[in-house]
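Reading through the structure tokens given below for one structure.
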Amino acid sequence: MPLLVLDRDGVINRESDAFIRSLEEWQPLPGSLDAMARLSKAKYDIAIATNQSGLGRGYFELEQLEAIHRQLCREVEARGGSIAGIFFCPHRPEDSCPCRKPATGLLAAIEAELGQSPKGAPFIGDSLRDLQAARDYGCKPILVLTGKGEKTLAQLQSGGAEIRDADAIPVYPDLAAAADALLCDYAPKSDRSR
């Protein structure tokens with residue numbers, strides 16, 4: 001089955017500069033959970049790679065983060081899909097952790113745990129660090145305009161972002177639109193005319 005990597009905040013659920021600290025604050029973006037279920041039913045293995053420095057900063061405990069992730073999995077399962085794994089970095093930027101995006105440690109962890117390489121796999125994110133991690137590991141970066149996506153697109157268009165082949169990165173309004181494009185590309189040729 002093909003692998004798909006997703007960022008969490010700003011792609012699956014609403015972004016917050018104050019961090020998503022509890023299940024009550026976690027709000028899925030419109031259409032994101034349905035998109036994940038559709039992708040899963042189309043045989044994509046979905047892995048989530050997310051920086052969660054709020055944990056390292058003491059803004060929330062591991063129990064709160066796990067509650068959010070359990071709810072996310074339940075919501076996707078209720079729609080007939082599944083999530084292969086959720087991988088997170090709890091460290092602050094100043095910790096220089098090798099798993100904190102834009103570093104690629106989370107992608108290496110996905111490869112080690114799931115036994116599938118993210119190299120060549122789509123990686124959907126909303127931030128420059130998602131795109132950089134994707135490029136550096138050999139994934140296919142995809143930008144969505146939710147979360148920090150509009151700001152990231154402006155950085156790419158202004159040339160202010162140091163990322164190779166930035167103009168070749170596909171851009172979609174949200175995860176649902178990106179899923180539509182992936183499912184169209186992944187469909188067998190005989191199904192594309194329908």
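Go through Ser53, Ser22 for me and flag whichever is of a type in the set (Ser, Thr, Tyr) and touching a helix residue (DSSP H, G or I) at 6+ places or on another chain (Cβ under 6 Å).
Ser22
Condition first: among the polar types (S, T, N, Q) and either assigned to a strand (DSSP E or B) or more than 15 Å from the chain's Cα centre (by Cα) (or both). Now tell me which residues in region 45-81 satisfy that. Working first, answer last.
Just the residues of region 45-81 that are among the polar types (S, T, N, Q), to begin with: 50-53, 64, 71.
If the condition is that a residue be among the polar types (S, T, N, Q) and either assigned to a strand (DSSP E or B) or more than 15 Å from the chain's Cα centre (by Cα) (or both), then Thr50, Asn51, Ser53, Gln64, Gln71 are the ones that fit.
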Quiz item: Only one of (1) over 27 Å from Ile163 (Cα atoms); (2) open to solvent by less than 30 Å² (accessible area, probe 1.4 Å); (3) more than 18 Å from the chain's Cα centre (by Cα); (4) among the hydrophobic types (A, V, I, L, M, F, W, C) is not met by Cys97, so which one is it?
Solution: (1)
Self-check item: Selected residue [closer than 18 Å to Leu107 by Cα, open to solvent by less than 40 Å² (accessible area, probe 1.4 Å) and aliphatic (A, V, I, L, M)] from Leu128, Leu153
Solution: Leu128
Quiz item: In this structure, does Asp180 turn out to be open to solvent by 40 Å² or more (accessible area, probe 1.4 Å) and within 18 Å of Ile12 (Cβ to Cβ)?
Solution: yes
Practice problem: Quick one: which residue in Ile142, Ile110 is in a helix (DSSP H, G or I), farther than 25 Å from Ser22 by Cβ and under 14 Å from the mean Cα position of the chain (by Cα)? | Solution: Ile110
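The values are calculated or read from the model by the stated rules, or taken from the named source; none is laboratory data. Small disclaimer: the values here were computed from a predicted structure and weren't measured. Counting neighbours? That spans all protein chains shown, and the Cβs are built from the backbone with ideal geometry, glycine included. All accessible areas refer to the heavy atoms of the entire protein, side chains included, with ligands and DNA or RNA removed. Shrake-Rupley method; radii C 1.70, N 1.55, O 1.52, S 1.80 Å.
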